[in-house]
Amino acid sequence: MNVLGINASPRKKGNSHHLMSLFMEGMHEKGYNTQILDAMQLNIKSCIGCGNCERKGDCIFDKDDFTTIFLPAVMKADIIVLASPVYFYGFPADLKALIDRVQVLWSRKYVLKLDEFKGRNRKGILLAVGATQGKDLFDGMKLTARYFFDAADICFTVDLCYRGVDQKGQMEKHPSGFSDIRKLVDSF
Ligand SMILES: Cc1cc2nc3c(=O)[nH]c(=O)nc-3n(C[C@H](O)[C@H](O)[C@H](O)COP(=O)(O)O)c2cc1C
């Protein structure tokens, strides 16, 4: 089983990185293949809405890190975990730019009617942190994650979202963070 972690935080060893590391270490210990991609490190163009993917099923930006690194990793994965801070009630811009480019998979699925993930039971997870306490804090991210996962034929299986987490290192001291992730690892 291939597990892909997508880290959306630009902060080195921050709160979402901590959650992602715990999860991926646990999955690695279980014998699964793990790979982590850092959204910030990928050099990509933003989607320009040209419609090439709706006509031909491919992106015109065929040589950047989305097409050569991110898309193949997403297609190969059996489990995808997004780890992200809330930025203005959504995902940080680098991850959002990657998700916009997943329009190529949306087009193949819904316009060109390709069934390229047939028979695969792919699962998606969201691990998120935000500083404040608002009831709607994670709603924007959950919606974006749901439609990203849907375009890639991934079932949005579970999310773990932590409010009131702001300073670096805070997630490591969270009372249930460690055991929540252990339970999540054990569920696979
Ligand atoms: C640009 C920016 C925007 C943010 N927007 C929000 C927000 O809308 N709501 C919120 O609760 N926290 C917001 N935060 C706080 C982060 O979500 C919080 O510090 C989080 O713990 C950072 O996680 P990380 O260490 O994984 O980067 C924002 C932080 C930054 C830098």
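The figures follow:
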item	result
Dipole magnitude (debye, nearest 20) for the chain, charges at Cβ of Lys, Arg, Asp, Glu	80
Using θ = phi - 60° and Karplus 6.51 cos²θ - 1.76 cosθ + 1.60, couplings along the range 113-127 (whole Hz; Gly, Pro as x)	6, 7, 10, 7, 10, 3, x, 9, 10, 7, 10, x, 10, 10, 10
Histogram of C-alpha separations across the chain, 5 Å bin width, %	1, 8, 17, 20, 21, 16, 9, 5, 2, 0, 0
Most mobile listed residue (VAL111, VAL129, VAL165) in the chain, GNM with C-alpha springs under 10 Å	VAL111
C-alpha center-to-center spacing [the range 82-100, the range 145-188] in angstrom	15
Antiparallel DSSP beta bridges within the range 2-186, percent to nearest 5	5
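We did not get these values from a lab; they are worked out from the coordinates using the rules stated. Since this is a predicted model, take the numbers as computed values, not measurements. All Cβ positions, glycine included, derive from the backbone under ideal geometry; neighbour counts span all protein chains shown.
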